[in-house]
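The values are calculated or read from the model by the stated rules, or taken from the named source; none is laboratory data. Since the structure is predicted, the reported quantities are computational estimates derived from the model, not experimental observations. Here the Cβ positions follow ideal geometry from the backbone for every residue, glycine too, while neighbour counts run over all protein chains shown. Please note that ligands, DNA and RNA were not included when accessible areas were found on the heavy atoms of the full protein model with its side chains. Shrake-Rupley method; radii C 1.70, N 1.55, O 1.52, S 1.80 Å.
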Amino acid sequence: MGIFWDLLQQEELDKQQAQADSVEDRVAVLETELEKTRLLLRKTLEALETHLNRDIDGDGITG
């Protein structure tokens with residue numbers, strides 16, 4: 001019975017490790033997507049400020 005218990009425990013540990021790896025992968029993807037979103041938002045804001053000729057984000061610079 002001991003060897004079966006060890007196998008079950010090892011299977012559970014492997015399953016938890018796979019989930020942790022999956023979470024790390026998802027976090028990496030989300031961080032990449034966040035950076036892309038920030039860049040797009042910045043470009044959009046700059047284009048809007050240029051189009052309106054108005055400082056929207058309060059940095060004292062238009063565009």
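Could you tell me what percent of the accessible area of the chain is made up of carbon and sulfur, with a 1.4 Å probe and every protein chain present?
Result for the chain: 60 percent of the exposed heavy-atom area is carbon or sulfur.
In nm, to one decimal, how far is the modelled label at GLU12 from the one at LEU39, with both set 7 Å along Cα→Cβ?
That separation, rounded to one decimal, is 4.4 nm.
In Å², and per residue, what accessible area does the chain have when probed at 1.4 Å with the other protein chains present?
Result: 91 Å² per residue.
Go ahead and collect, in residue order, the members of the range 12-40 whose backbone nitrogen is under 11 Å from a label point 7 Å along the Cα-Cβ direction of ALA47.
Answer for this model: 40.
Please report the orientation-averaged projected area of the chain, defined via the convex hull of its C-alpha atoms, in nm².
Value for the chain: 5.4 nm².
Could you compute the net charge surrounding ASP57? Neighbours are other residues with a C-beta less than 12 Å from the C-beta of ASP57; K and R count +1, D and E count -1.
-2
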